[in-house]
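The values are calculated or read from the model by the stated rules, or taken from the named source; none is laboratory data. Values in this document were obtained by computation on a predicted structure and should not be read as measured data. Note that we place each Cβ from the backbone using ideal geometry, even for glycine, and neighbour counts take in every protein chain shown. The area values use the complete protein model at the heavy-atom level, side chains included, leaving out ligands, DNA and RNA. Shrake-Rupley method; radii C 1.70, N 1.55, O 1.52, S 1.80 Å.
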Amino acid sequence: RELIYIWETTQQTWAQDMITLLRQAKREADDNLTRGNTSLAPARLADYRRRAEALVAQGQQDNPAQARNPALDPRGKTKQSFAYNLLARLQRYATEVWRFIADHRVPFDNNQAERDIRMPKLKQKISGGFRVTHGLQAFCTIRSYLATLRKQKRELFTALTCTFSGCPPSPIPGC
């Protein structure tokens, strides 16, 4: 989303090229996963990382750090552009950004994480929050437990039945 925003607002080519590179990597990772592989070949991983680093370097040339003016802002950090901050994160978290090609169990997007927090945020919006802290903690514990079991494709009704019978199934695989 942030790359699309930068491309649409500034027309900086590095952003469009990074979008294209990420989409190409996702297609290749998906194809690789359908063939039963868990990761791209090391040469392909290195190629994507090298190309991404070159695009980040190009973006940093187009978006240099803002110089500090002590007369106007004597304390704190100097406000940087949106593009500069995104480039800094792409560089700092490159391993995490590209993890989906190194480990196909990691999703390309964070849609599932957003869906997981949707219900607590909805409850907070409708009821205005939780009256007591332990109510919030109980709600989050139950939601987290059920979300984990759902991701493991385990039967939720059976798990709840066992839980209320005094023998909750462990959400930790292999336990």
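The residue that is farthest from the chain's Cα centre (by Cα), counting only those in region 35-50 that are exposed (fewer than 13 other Cβ atoms within 10 Å of the Cβ) and among the polar types (S, T, N, Q), is Asn37. For region 126-133, check the following and say yes or no: at least one residue is without any contact (Cβ under 8 Å) to a residue 24 or more places away in the chain and either within 30 Å of Asp47 (Cβ to Cβ) or in contact with a helix residue (DSSP H, G or I) (Cβ under 6 Å, 6 or more places away or on another chain) (or both). Yes.
Residues of region 1-16 that are assigned to a helix (DSSP H, G or I) and either open to solvent by less than 70 Å² (accessible area, probe 1.4 Å) or over 20 Å from Arg50 (Cβ atoms) (or both): Glu2, Leu3, Ile4, Tyr5, Ile6, Trp7, Glu8, Thr9, Thr10, Trp14, Ala15, Gln16.
Residues of region 85-114 that are modelled with pLDDT under 85 and either in contact with a strand residue (DSSP E or B) (Cβ under 8 Å, 6 or more places away or on another chain) or of a type in the set (Phe, Trp, Tyr) (or both): Phe108 alone. Identify the residue in region 3-29 that is among the acidic types (Asp, Glu) and in contact (Cβ under 8 Å) with a residue 12 or more places away in the chain and, among all such residues, is farthest from Arg44 (Cα to Cα). Step by step, filter region 3-29, then rank; the result is Asp17.
Check whether at least one residue in region 35-51 is touching a His at 6+ places or on another chain (Cβ under 9 Å) and of a type in the set (Val, Ile, Thr), and report yes or no. Yes, some residue in region 35-51 is touching a His at 6+ places or on another chain (Cβ under 9 Å) and of a type in the set (Val, Ile, Thr).
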